[in-house]
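First comes the structure, then the notes that go with it.
The values are calculated or read from the model by the stated rules, or taken from the named source; none is laboratory data. Since the structure is predicted, the reported quantities are computational estimates derived from the model, not experimental observations. Glycine gets a Cβ as well: all are built from the backbone with ideal geometry, and neighbour counts include every protein chain shown. Areas reflect the complete protein model, heavy atoms only, side chains present, ligands, DNA and RNA absent. Shrake-Rupley method; radii C 1.70, N 1.55, O 1.52, S 1.80 Å.
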Amino acid sequence: MFIFEILLNLIDRYRRPVWVVTVVAAAASIYYIARLQILDSPERWMPKSTQKAWQVFDSHFDVGDTIAVGLHFRRPVTEDDLPRLSRLRKQFAAVPGIKQVYDTSLVAEQIEGVPLLTLLDPAQGERFSLYAGALWDHPAPGETERTLVAVCELEFYPGKESDDELNERRRGAVNEVQRIVADERTSGAWGPAVEFHVASAIVMMMELEKRARQVAFTFLPVSIGVGMISLYLSFRTLRTLLVAVLGSGLAILLTLGWLSAGGGTLGVVTVATPALISIIAVASTMHFGEYAAEYGSTGEGRYRPQLISWVAVPCLGAAATTAVGFLMLVFNDLAPVRDLGLQLFVGSLLAFFGVFLMSQVIPIRNASGGAMLTHERFRRYTTAVTRAPVLTTLGLLVVTAVLLYCAWPRPADSPVGLYVNADPFSFFTKEQPIAKALDHFSKRQFGVYQLDVVLVPKEYAPPPRAGRPVDPVYEANRQSARSYSDLVTSRRDLGVLRVVSTDAFHQRQQAFQQQLEKVRREEGLRAYLAKLGRVTSQSAVFSTTFQSWNHDKQEQGALRLTFLAHDQGAQGFRPVLNFARDNLPHDRFDCYMCGSIAQVVQLGEGLTGGMLWGLGSSIVIIAVLCGLMFRSVKFMLLALPPNLFPVLVLYGLMGLFKIPLSAGSAMVATIALGIAVNDTMHFVLHYERLTRERGLGTRAAVVQTITDLGRPIVLTSVIHIAGFTVFLLTDFQPLFHFGLLSSAAMTAAMMGDLFMLPNLLMLFDRRPDTVVTAVPEAHVPHPQTLPVT
């Protein structure tokens, strides 16, 4: 605390050079901020734990981004639909950036050469099993409704273009595909009995970017505006509002400028950074304003050291502690959440310094003390709530036990209990088009989720050529991969619908040659030559269309197995991933696992582990910083329960109302802890001075502390709650939960500071009460330092 006081006095003394540096930094930020982009590419939502496997996967197989367009026929499919399907496929294929489109019409016309209804006939399921479940559904017996899928594969691949070029071309392709679908819906060619559904990771990316812009240009300004208006109404002085607006504006400008200069971007998560910075700036301004309401000014000239000692130092300590708490988000497995932690670490410190610097040039004068939250009412409140500290503490222990019960981890289908849902598609409500599309694909038993397994042989053997014996090593590798595939698919209880593998495509490729050989043997050379061109063409189209399964770019004999599964609901994908991982054929292959199933499970594990590690680290580091600020182990320990209480309330409410622990809600606890410690820091430092430096007894010091700080604590909490409540207006689930849970956590934090902490001090820091008939000396500035108003 002594170091903070020296630092702030030096900044105050050397204002001119400090402001020169600030203006230069602001000018540089304005220059760089023009380059700032809103970006939420699918790669940014990939957990760190799956990135290495994905890189290996991408190095062996050309796997482009895909867009799935589903056509749900509520009427029977007829042969007359084939020309329309073919026309639609060609329209998609003509879109710039799309490499190829494969669908039912392509398979029927150019690969298998059979009528459409033959292809879709359930009786032919075994013959065409390679495509069923991927390009068309499995209808129930007697069902006439069908869903056919056109898969649009983009011609570019992650890692081969700059992020800007890649995402711009992605957006262009998706927009054009969606335009074609919209035109087909309104054209009347399909009739009212055909519905269209579009889904892909790129569509999700664009929805996230759309939500980020909505937040940036709608909810954030409203949230910040609500906080600023509340601040003005609290003190009835324009100077308070200007200090908060300009201070937070400076902090936001410097933070975003630093972010842009380093090549960073904003996403649907990190776009909340400006709002959180403004909240921290408002909290500091609130304490400056309360000081002005008490003494007429925030201190000017030679009177400013008193403001620094009593207000600025605790505010800086709180900002530093808050910043370190935010920094612990870097342990999260998701890049957007890690970025948010780093941005808030910088922004928290800049928020305080922005307010402090603005208070130099715009001293707050004649702030209103308010008519409702008066000193007398806080005195009566404190006397009432601290009458029975033992009973109060026992009651809080009961509440804690109930919250722990609700927050205890349980399966998702349990009545209460915390559970993890790391699926990024769960970000959207059921009414949104992308959620409807995924729900439809899942109900029609498509493999919406996939587990990609790449097997790289430890001993390479070339594939067999016509007329030559099969290499035993090649055959052993193939049999090992097939046995592994059969083992996983045999466990129907794991939810695996089917597997698509390199071996299956090789077998189908060989079947084309076997078909010709059969014709030559049974029908003669003339028939063989007549069919040679057509079968060769079918084989070539098949090989080109599905090369992402049958061609290893590195020529190392790598095999790809894609296990397709539908949503497993409460059970989740952990069982299938664990089973597939535990039985990998490590004896013959180097094995790598990725895909959406691995991503969802590992993201869930990363969320839980990152949350526990980040929250635990935050608690330890905040405790250490509190110990250094308070210079007392006792006060450090007493400050922990009020700060942990909002976290417990947060998880208890999540468990009670079955709000899942997701990428959005996992970061709320750390943010709540970081913000909650702000007021606790002020409370304990104020109380410590009254008892240790002024000699007040415990009861008198508690009463006086709440009398002095109750109003800024309540107003700060109300402003925080009002700002977070704005996010309840969005239909984007992570932000909705963020606003709801943050509001609840801020309410609990206020209760922790004004209800729990006073009773803990009455129990564990007992000092003889001193009868005080007037305002304590600690509360009155020395006559020589009274500010001039």
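Could you give the length gained on full extension between residue 361 and residue 94, defined as 0.36 nm per residue of separation minus the Cα-Cα distance, in nm?
Working: separation 267, 0.36 × 267 = 96.12 nm, distance 6.17 nm.
Roughly 89.9 nm would be gained on extension.
Quick one: net charge of residue 99's neighbours, Cβ under 12 Å, K/R +1, D/E -1?
Numbers: positive: 169; negative: 62, 65, 153, 155.
Cβ neighbours under 12 Å give a net charge of -3.
Give the shape of the stretch 344-383 as rounded, prolate or oblate, defined through the alpha-carbon gyration tensor: a ≥ b ≥ c are the square roots of its eigenvalues, a/c under 1.5 means rounded, and otherwise the shape is prolate if a/b is larger than b/c and oblate if not. Display every interim value, and only then the final one.
Values: a/c = 4.81, a/b = 1.80, b/c = 2.67.
Note, shape of the stretch 344-383 comes out oblate.
Might you report the magnitude of the Cβ-based charge dipole of the stretch 634-754 about its Cα centre, with Lys and Arg at +1 and Asp and Glu at -1, to the nearest 20 debye? Kindly include the intermediate steps, with their values, before the conclusion.
Numbers: 7 positive and 6 negative charges, 61 e Å.
Approximately 300 debye in magnitude.
Can you give me the angle between helix 633-656 and the longest principal axis of the chain, using Cα atoms only, in degrees from 0 to 90, rounded to the nearest 10?
Compared with the principal axis, the helix lies near 40 degrees.
Which net charge results for the neighbourhood of residue 632, defined as the other residues with beta-carbon distances under 11 angstrom from its beta-carbon, given Lys and Arg at +1 and Asp and Glu at -1?
With Lys, Arg at +1 and Asp, Glu at -1, the net is +1.
May I ask you to give the percent of accessible area on the chain that is carbon plus sulfur, with a probe radius of 1.4 Å? Don't skip to the end; give the middle numbers.
On the way: 19580 of 32380 Å².
Exposed carbon and sulfur together represent 60 percent of the surface.
Please calculate the 1.4 Å probe accessible area of residue 381, with all protein chains present, and give it to the nearest 10 Å².
The accessible area of residue 381 comes to roughly 80 Å².
If each residue of separation counts as 0.36 nm, what is the full-extension length gain between residue 523 and residue 578 once their alpha-carbon separation is subtracted?
14.7 nm
Report the label-to-label distance for residue 6 and residue 238 in nanometres (one decimal), using points 7 Å from each Cα along the Cα→Cβ vector.
4.1 nm
Heavy-atom accessible area per residue, the chain, 1.4 Å probe: how many Å²?
On the way: 32380 Å² over 789 residues.
Heavy-atom SASA per residue in the chain reads 41 Å².
Can you tell me the orientation of helix 668-688 relative to the chain, as the angle in degrees between its alpha-carbon axis and the longest Cα principal axis, to the nearest 10?
Taking Cα atoms only, the helix is inclined about 10 degrees.
By how many nm would the segment from residue 479 to residue 535 grow when fully extended, if each residue of separation counts as 0.36 nm and the alpha-carbon distance is taken off? Display every interim value, and only then the final one.
Details: separation 56, 0.36 × 56 = 20.16 nm, distance 2.79 nm.
Length difference between fully extended and current span is 17.4 nm.
Using alpha-carbon positions, what is the distance between the centroids of the stretch 283-361 and the stretch 745-759, in Å?
21 Å
Could you list the GluC sites (Glu not before Pro) in the stretch 397-479 that lie in coil according to DSSP, counting only those with at most 14 other Cβ atoms within 10 Å of their Cβ?
On the way: sites: 431, 459, 475; in loops: 431, 459.
Taking the stretch 397-479 and a limit of 14 other Cβ atoms within 10 Å, the loop GluC sites (Glu not before Pro) found are 431, 459.
Quick one: of the DSSP bridges fully inside the chain, what percent are antiparallel, nearest 5? Don't skip to the end; give the middle numbers.
Numbers: 39 of 43 bridges.
Given both bridge residues lie in the chain, the antiparallel proportion sits at roughly 90 percent.
Between 0 and 90 degrees, rounded to the nearest ten: what's the tilt of helix 313-327 against the longest Cα principal axis of the chain?
Approximately 10 degrees, to the nearest ten.
Which pairs break 19 Å Cα to Cα here: 99/553; 99/436; 210/658?
Numbers: 99/553 17 Å; 99/436 27 Å; 210/658 27 Å.
Over 19 Å apart, Cα to Cα: 99/436; 210/658.
What's the local net charge at residue 524, with K and R +1, D and E -1, over the other residues with C-beta under 15 Å away?
Numbers: positive: 518, 520, 521, 526, 531; negative: 517, 522, 523.
Net charge around residue 524: +2.
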